[in-house]
Amino acid sequence: MNILLVTNRYPRDSDDPAAPFVPDFAEALTALGVRVIISTPQYGTPSGGEADHVHRFTFESTTDETPIGSWNLLAPRTWSRVHRFVSAGERAADDLVVRYSIDHILALWALPSGWFARCAARRHQVPYSVWCLGSDINCWARRPVFGQITRHILRKAEWVFADGFALARAARRLANRPCRFLPSCRRLSRSLTAEHGLNGDRPYFLYAGRLHRDKGIYDLVAAYRQAKLAAAGYDLVFIGEGPELERLRLVAGDTIVGANIKILGRIPTPLLAEYYRGARAAIIPSRSDSLPLVFAEAVQNGCPVVAYDTGDLGLFIRRFNVGQVIAPGDVAALARSMAQYAAGDTTSMPGSEAMLEVLSPARAARKFLATIGTPVRVPPAREKAPGREISAGTELR
């Protein structure tokens, strides 16, 4: 079977944070005997050394690495870029479907990849599916015009998937059709360095991910101060990049514990795994995520998680007992939880192996292939209203 993955992003190497779970999913499909071809946009200067199955389409000659989701759509000149981007993406999908005799197209994100998949599927009579991954449903689908396009793409798809139960319910409400849970997860390779030596042998709490206000980074700084963890000998380490990087540095520097707040930016992936393994706990105070990649990354490296009860984080943490859940925005409760971990009161993660099996790329690949192997399509107009198809209890067994 030949499958085309049309994806908004694809990492250039193991340290690139652009959709880092996709290579593991593609590898898992390949291990099951599938030939996988990947179509993704080329942002910035080509790096060279790309694998034969990865095809990056170019739409302009520029060194700008800003992805389309971050373009300023209020600027008139942006729309000429959008037109070039969409035309190039459509041509790339068309060419690959014909060149590799594609049997099925899977779009990663409903927009813009779902549009490319839909156009190629219609022209060549090839079935396509959509894997909703967060921003397509939680952001773009809520905007005028883009919402109607997203709904159309989902309704015309053979199958619709989402990488979280809450996200699947949202996609189902949007398109009035079934949506299945399909987890996104990546395996972190470990370096050969020893755990000790990280952070100068000082114990620490860890935040890893995008530095954005919606991720709760300022709640975390406030909780760290409130728990007086610096006085207890604990540092707070931030790993990642984002629009709030410079402001976070200013906020951390203005606090009395600024010297104990370390902001490392992006680091090599094997070193990130070591930071997880050395942390007292990973903190995910996000107000917007469904099931972020950093959650499984922490657990697979033996690091308990303290997280706000958003998306599916609370469901997974409680079901598999891999950390603590805090009400979103409750800084005082977050501080108390961090203090408990600093005191060594909570350490065990009895359900971690079972959880990682549920989220594994191999399981996701098997489920995807089993689903598309016997497609039964019901036109959206005749589908039942959203019911109980998304069953977390069944999926998490």
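Quick look at the numbers
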read-out	value
Subset of segment 6-31 (residues that are β-branched (Val, Ile, Thr) and over 15 Å from Leu359 (Cα atoms))	Val6, Thr7, Thr30
Verdict on Asp163 being within 25 Å of Asp24 (Cβ to Cβ) and modelled with pLDDT of 95 or more	yes
Residues that are touching a residue at least 40 places away in the same chain (Cβ under 8 Å) and more than 13 Å from Asp235 (Cα to Cα), drawn from segment 255-266	Arg266
Candidate set from segment 240-259 (those that are not small (Gly, Ala, Ser) and not in a loop (DSSP other than H, G, I, E, B)); member that is farthest from Ala18 (Cα to Cα)	Asp254
Output for segment 26-38, where each listed residue is over 16 Å from Ser189 (Cβ atoms), touching a residue at least 40 places away in the same chain (Cβ under 8 Å) and not basic (Lys, Arg)	Leu29, Ala31, Leu32, Val34, Ile37
Positions within segment 108-143 being of a type outside the set (S, T, N, Q) and at positive phi, in sequence order	Trp109, Gly134
Scan of segment 200-225 for residues that are in a helix (DSSP H, G or I) and either over 26 Å from the mean Cα position of the chain (by Cα) or touching a residue at least 40 places away in the same chain (Cβ under 8 Å) (or both), ordered by number	Gly200, Asp201, Asp214, Lys215, Ile217, Asp219, Leu220, Val221, Ala222, Ala223, Tyr224, Arg225
Residue list for segment 52-98, filter: over 26 Å from the mean Cα position of the chain (by Cα) and under 17 Å from Leu5 (Cα atoms)	Arg91, Asp94, Asp95, Val97, Val98
Answer residue from segment 210-219, given it is surrounded by fewer than 24 Cβ atoms within 10 Å (Cβ to Cβ) and of a type outside the set (Phe, Trp, Tyr) and is nearest to Ile283 (Cα to Cα) among those	Asp219
Residue list for segment 7-51, restricted to those being within 23 Å of Ala370 (Cα to Cα) and within 17 Å of the chain's Cα centre (by Cα)	Thr7, Phe21, Val22, Pro23, Asp24, Phe25, Ala26
Any pair with Cβ under 7 angstrom, 6 or more apart, that starts in segment 235-254 at a residue that is in the same structural domain as Tyr207 (by TED's automatic domain parsing) and on the phi < 0 side of the Ramachandran plot and ends at one that is assigned to a helix (DSSP H, G or I) and of a type in the set (Ser, Thr, Tyr)	Leu236/Tyr224; Val237/Tyr275; Ile239/Tyr275; Val251/Tyr218
Count - residues of segment 317-333 that are in a loop (DSSP other than H, G, I, E, B) and charged (D, E, K, R)	1
Residue tally, condition in a helix (DSSP H, G or I) and either surrounded by 24 or more Cβ atoms within 10 Å (Cβ to Cβ) or touching a residue at least 24 places away in the same chain (Cβ under 8 Å) (or both), over segment 270-316	20
Residue in segment 321-341 that is surrounded by fewer than 18 Cβ atoms within 10 Å (Cβ to Cβ), touching a residue at least 60 places away in the same chain (Cβ under 8 Å), more than 20 Å from Ala222 (Cβ to Cβ) and not assigned by TED's automatic domain parsing to the domain that holds Pro20 present	no
Selected residue (only one of Lys262, Lys228 is part of a strand (DSSP E or B), within 21 Å of Ala307 (Cα to Cα) and basic (Lys, Arg))	Lys262
Number of the exception - Tyr10 against (1) out of contact with any helix residue (DSSP H, G or I) (no Cβ under 9 Å at 6 or more places or on another chain); (2) within 20 Å of Ala364 (Cβ to Cβ); (3) of a type outside the set (A, V, I, L, M, F, W, C)	(1)
Members of segment 280-291 that are modelled with pLDDT of 95 or more and aliphatic (A, V, I, L, M)	Ala281, Ala282, Ile283, Ile284
Subset of segment 127-149 (residues that are crowded, with 18+ Cβ neighbours inside 10 Å and either within 25 Å of Asp95 (Cβ to Cβ) or among the basic types (Lys, Arg) (or both))	Tyr128, Ser129, Val130, Trp131, Leu133, Asp136, Ile149
Residue count, segment 60-84 (criterion: among the β-branched types (Val, Ile, Thr) and farther than 25 Å from Asp16 by Cα)	1
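The values are calculated or read from the model by the stated rules, or taken from the named source; none is laboratory data. What you see is a predicted model; the values in this text were computed from it and never measured. Note that each Cβ is placed from the backbone with ideal geometry, even for glycine, and that neighbours are counted across all protein chains shown.
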